[in-house]
Each structure stands twice: as structure tokens, then as C-alpha cells.
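Asker: Just passing along the structure, written as C-alpha cells.
The values are calculated or read from the model by the stated rules, or taken from the named source; none is laboratory data. Bear in mind the structure is a predicted one, so any value in this text is a computation, not a measurement. Backbone-built Cβ (ideal geometry, glycine too); neighbour counts: all protein chains shown. Just the protein is used for accessible areas: all its heavy atoms, side chains included, with ligands, DNA and RNA removed. Shrake-Rupley method; radii C 1.70, N 1.55, O 1.52, S 1.80 Å.
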Amino acid sequence: MPYKTVRINPVLPKQPRSSVLVIYTGGTFGMVYDPKASQLIPFDFEQVLDRVPELNRLDIEITILTLHEIIDSSNMKPAVWVELARIIEENYDQYDSFVILHGTDTMAYTASALSFMLIGLNKPVILTGAQLPIGIARTDARENFITALEIAAAQEDGRPVVPEVCIYFNSFLLRGNRSTKHESVQFNAFTSENYPHLATAGVSIDYNRPFIRPYQSNWSLRIRTELDPNVTILKLFPGITQPVVESIVNIRNLRGVVLETFGAGNAPTDSWFLDTLKEATDRGVVLYNVSQCNGGRVTQGRYQTSKMLEQIGVVSGADSTTEAAITKLMVLLGQESDPAQVRLLLARSLSGEISE
Ligand code: ASP
């Protein structure tokens, strides 16, 4: 079934300077108040110009594609990431850039997953959304959307300024796989503790060029569409019991675990704990160590409480976010069958997600 699309051509005497494909997936962004039902309902993007008439004044050609099923992003799944990657691949040559309208709850996961799935990406893919629906007077949706479009369309010497997967939200452009949702009430929903902002939007949009992945003239897009769902996240806490750890690492078909450890990558040194992890790695389960702290990094071996993890074969996630770690694990396990190879690739930066 073809997707529903709406095209907005700017009413200008000259040609639009850029073409953007906007993919609408759902989230708070696209809600309007239905007075008859006294509730917020998803709004039909055919009427986008009624809600955001400013779009007509941008010198950008905008095509809005609506997914068949509009979702609250808490229902996001790898199958939708594959659908998004396919839409981008199929439309890669027709458009200069892509904007994805997405719920904020899992936006950082989607941005991370896409950064690993879109190999050789050389065009902007900017995710944005809103904390307040577009139909509400104080909404942040309009500013987020318009600035995301401006950033997606930005070019210099005929090349995109930001040829990577990013999140634009509340005046800041963040690298997608460095982002985390840290706020559910204020407008500043996202943070990127371990990597600088890629741009700041005030009166002008100031790009932080040294930190933006450079355009590569010889790259062409290829997508990874196999993601292994047999992964989990194990968050440690003081008092975690042996049956809990054992039952998690012994889940049938489990292939990878993101271990959320304390501080600089530290964990209990109880022998039952280390033995359970060692048995799992010996069986081929890949363990990936990220910190429960948002800022800083895992340094295995700095403390006695992380030295053993290193010896067991747990891979350090360095300064990775949990969102990047779990999606990287799914993508790598989807492409590699050898755990040793997965461990090797986990330790490297694939798409700027860790500082090596
Ligand atoms: N629950 C919503 C979602 O993630 C929240 C939002 O969009 O801000 O889809």
C-alpha cells in the first residue's frame, strides 16, 4: 500500500533551494484537541499548512510522508526502524535530506538505531518532536519542526552541513547516538552529556563544525536491516540477588546484555556474580558495560571492582549511552554470528557513538 504524502511547494519566484522528505511517525507532536470528543487526537497531516502556515514561507520543497500506523513512540519497535531505513534508502536520491517526526519517549533509541543501520549516510536525517501537541497555543512543535527543516536544508558549497543522524530539540542539535531523553516536563527534553552540541539555534543557527561528521564525497548509502532482538539491559543496584542475575543471563536464546554498572564501570565482586557472568560469556553471550552515570566513561580496570569484568571478557562501552549500546548490540548481533567479532566491533566507534 503506498504511503499517504503531502507536498508543500513554496510560493516563491525562485526555485526552492532544497528538498526535504518529512516522515511522520506519531508522538505528541501531531496531536490536536478535538472539542467534540474532548480529547487529543492525532492530526491529519493533509492539514499541516493550517497548523504551521510558516512552512509556506520557507524556500524549501517539503514532502510529508505519513507511516501507515501512527504510534506513540513507546510502541516503537525494530520493525519500524527497518521501515524508516527502507523509506530513506528508497528516497535517498530524490531528496536532499530527511526529517523524522517522532515521539520523544524513544527518539534517542531510534536515532541511535538509524545511525548504525544507515551505512555511508551522507545526508542529514534530523529527528524532532514536541513536548506539547501542535494544536496547543504554547506548543514547542512549530519551532522544533521549522528549525529541524532549516538544519536539514542547510548546505555549503552544495554539500549538506550536517550529513548525519541527529536530534534537534529546544534550540540544540545533538548527535543522535549521543542523546538521551532526560526531561519529561520541561521543553529541554534531550541531553548529550558526553558529546558537544552540533548546533545552537538562536537568532542564527551556529554550527559546531569540528564536531560534525564531515561529508565524504565517495560514500554511498547501504542499509542494515537485520537486528537481533535477543538482547536485554541489566541495571545493577546494591542488593541485586543471585536468582535475578542468573535468570536474566540464562534467558533462552539470549545473545547480548547491556550491563548498566556503577560509576566508572564498577560492579559487585561477589564470586557468585562474577561466576555467573563468566559462565555467560563462555557460552557466547556478549556483555557490554555502560555506566548508570550520564556523564563520564567506563574505564574497566581502574577500580578493583571493574578489573574482574575486564578479565571475564566484558566489553567496555566507554562513554556510550544505554540507548546507543542496546541498539548497537542488536545491529551487530544481527550481522555477525561470532561473539568474538561482535566484541571487537562493540569496542570501536561505528558512527561516532563513543569517544575512543
Ligand atoms: N508518549 C509520547 C511519545 O513518545 C511523548 C512525546 O511525544 O513527547 O510518543
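Asker: Mind telling me which of the residues Asp338, Asp275 ends up being among the acidic types (Asp, Glu) and within 28 Å of the chain's Cα centre (by Cα)?
Answerer: Asp338
Asker: Take Asp105 and decide whether it is within 16 Å of the ligand (Cβ to nearest atom), among the acidic types (Asp, Glu) and at negative phi.
Answerer: Here the answer is yes, as Asp105 does meet what is asked.
Asker: Additional query: I need the helices (runs of 4 or more DSSP H) fully contained in the range 264-356, keeping only those with at least 3 residues that are more than 21 Å from Val244 (Cβ to Cβ).
Answerer: Qualifying helices (runs of 4 or more DSSP H): 304-312, 322-335, 339-346.
Asker: Select from the range 165-181 the residues that are in a loop (DSSP other than H, G, I, E, B) and touching a strand residue (DSSP E or B) at 6+ places or on another chain (Cβ under 7 Å) and write down the one among them that is nearest to the ligand (Cβ to nearest atom).
Answerer: The extreme case among them is Ser179.
Asker: Only one of (1) touching a residue at least 40 places away in the same chain (Cβ under 8 Å); (2) within 15 Å of the ligand (Cβ to nearest atom); (3) of a type in the set (S, T, N, Q); (4) part of a helix (DSSP H, G or I) is not met by Ser74, so which one is it?
Answerer: In the conditions (1) touching a residue at least 40 places away in the same chain (Cβ under 8 Å); (2) within 15 Å of the ligand (Cβ to nearest atom); (3) of a type in the set (S, T, N, Q); (4) part of a helix (DSSP H, G or I), Ser74 misses (1) alone.
Asker: Scan (1) closer than 24 Å to Phe187 by Cα; (2) away from the ligand (no atom under 16 Å from the Cβ); (3) touching a residue at least 12 places away in the same chain (Cβ under 8 Å); (4) out of contact with any helix residue (DSSP H, G or I) (no Cβ under 7 Å at 6 or more places or on another chain) for the single condition Asp50 breaks and write down its number.
Answerer: It is condition (3) that Asp50 fails.
Asker: Here's something else I'd like to know. What single numbered condition from (1) farther than 19 Å from Leu101 by Cβ; (2) open to solvent by 10 Å² or more (accessible area, probe 1.4 Å); (3) away from the ligand (no atom under 16 Å from the Cβ) fails to hold for Thr147?
Answerer: Of everything listed in (1) farther than 19 Å from Leu101 by Cβ; (2) open to solvent by 10 Å² or more (accessible area, probe 1.4 Å); (3) away from the ligand (no atom under 16 Å from the Cβ), Thr147 misses just condition (1).
Asker: Output the residue which, of all residues in the range 94-109 that are part of a helix (DSSP H, G or I) and either of a type in the set (D, E, K, R) or over 19 Å from Ile64 (Cα atoms) (or both), is least open to solvent (accessible area, probe 1.4 Å).
Answerer: Per the stated criteria, the residue is Ala108.
Asker: Looking at Ser220, Ser184, which one is surrounded by fewer than 18 Cβ atoms within 10 Å (Cβ to Cβ), within 16 Å of the ligand (Cβ to nearest atom) and assigned to a loop (DSSP other than H, G, I, E, B)?
Answerer: After ruling out the rest, the residue left standing is Ser184.
Asker: For the range 28-42, indicate whether the set of residues that are closer than 28 Å to Leu329 by Cβ and away from the ligand (no atom under 16 Å from the Cβ) is non-empty.
Answerer: Taking every residue of the range 28-42 in turn, none turns out to be closer than 28 Å to Leu329 by Cβ and away from the ligand (no atom under 16 Å from the Cβ).
Asker: A follow-up question, please. Pairs under 8 Å by beta carbon, first residue in contact (Cβ under 8 Å) with a residue 60 or more places away in the chain in the range 182-210, partner open to solvent by 70 Å² or more (accessible area, probe 1.4 Å) and among the charged types (D, E, K, R), six or more apart or different chains?
Answerer: Pairs that qualify, where the first residue is in contact (Cβ under 8 Å) with a residue 60 or more places away in the chain and the partner is open to solvent by 70 Å² or more (accessible area, probe 1.4 Å) and among the charged types (D, E, K, R), are Asn194/Arg297.
Asker: Would you mind telling me which numbered condition in (1) more than 24 Å from Ser320 (Cα to Cα); (2) under 21 Å from the mean Cα position of the chain (by Cα) Ile205 fails?
Answerer: (2)
Asker: Could you figure out which of (1) touching a residue at least 60 places away in the same chain (Cβ under 8 Å); (2) within 16 Å of the ligand (Cβ to nearest atom); (3) open to solvent by less than 20 Å² (accessible area, probe 1.4 Å); (4) not polar (S, T, N, Q) isn't true of Phe45?
Answerer: (1)
Asker: Which of the numbered conditions does Ala152 fail, given that it passes all the others? Conditions: (1) open to solvent by less than 40 Å² (accessible area, probe 1.4 Å); (2) within 16 Å of the ligand (Cβ to nearest atom); (3) small (Gly, Ala, Ser).
Answerer: (2)
Asker: Kindly list the number of the only condition in (1) assigned to a strand (DSSP E or B); (2) more than 16 Å from the ligand (Cβ to nearest atom); (3) touching a helix residue (DSSP H, G or I) at 6+ places or on another chain (Cβ under 9 Å) that fails for Glu61.
Answerer: Tallying (1) assigned to a strand (DSSP E or B); (2) more than 16 Å from the ligand (Cβ to nearest atom); (3) touching a helix residue (DSSP H, G or I) at 6+ places or on another chain (Cβ under 9 Å), Glu61 fails exactly one: (3).
Asker: Let me spell it out: the conditions are (1) open to solvent by 20 Å² or more (accessible area, probe 1.4 Å); (2) at pLDDT 95 or above, and Ile87 meets all of them except one. Which number is the exception?
Answerer: (1)
Asker: Which one of the conditions (1) in a loop (DSSP other than H, G, I, E, B); (2) within 16 Å of the ligand (Cβ to nearest atom); (3) under 26 Å from Val331 (Cβ atoms); (4) open to solvent by 40 Å² or more (accessible area, probe 1.4 Å) does Ile136 fail to meet, given that it meets all the rest?
Answerer: Ile136 satisfies all of (1) in a loop (DSSP other than H, G, I, E, B); (2) within 16 Å of the ligand (Cβ to nearest atom); (3) under 26 Å from Val331 (Cβ atoms); (4) open to solvent by 40 Å² or more (accessible area, probe 1.4 Å) except (3).
Asker: In the range 114-132, which residue that is within 15 Å of the ligand (Cβ to nearest atom) and either in a helix (DSSP H, G or I) or open to solvent by 10 Å² or more (accessible area, probe 1.4 Å) (or both) is nearest to Gly334 (Cα to Cα)?
Answerer: So, considering only residues that are within 15 Å of the ligand (Cβ to nearest atom) and either in a helix (DSSP H, G or I) or open to solvent by 10 Å² or more (accessible area, probe 1.4 Å) (or both), the one nearest to Gly334 (Cα to Cα) is Gln131.
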